[in-house]
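Shown next, in structure tokens, is the structure this report addresses.
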Amino acid sequence: MRYLEFKDAIHRELRRSPQGLTWLQLQQRLSLPYDRPCPTWTHMLEQEIGLSRQKGEGRAFLWRIPARNR
């Protein structure tokens, strides 16, 4: 999977889920081939689509995008 495919898939799924999703939820819903998100790609998503990650329950972080980027 190339970065642009990854970005498009993450962006599309987060637009459908304004409450946010954990990495595990994204991984399962999108059948992503990665155990963990790539830090470089994650940083690029923060810059390009406004991705934010906020502490959720336990050790999980909720991935969200701002309403203006939906």
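The values are calculated or read from the model by the stated rules, or taken from the named source; none is laboratory data. This is a predicted model, so every value here is computed, not measured. Every residue, glycine as well, gets a Cβ built from its backbone with ideal geometry; the counts of neighbours run over all protein chains shown.
What the table below lists for this structure:
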read-out	value
Within the range 52-70, considering residues that are in contact with a strand residue (DSSP E or B) (Cβ under 6 Å, 6 or more places away or on another chain) and outside any strand (DSSP E or B), the one farthest from residue 6 (Cα to Cα)	56
Which numbered condition residue 54 misses (of (1) at pLDDT below 95; (2) within 12 Å of the chain's Cα centre (by Cα); (3) surrounded by 12 or more Cβ atoms within 10 Å (Cβ to Cβ))	(3)
The range 4-40, residues that are in a loop (DSSP other than H, G, I, E, B) and either without any contact (Cβ under 8 Å) to a residue 24 or more places away in the chain or at negative phi (or both)	17, 18, 19, 31, 32, 33, 34, 35, 36, 37, 38
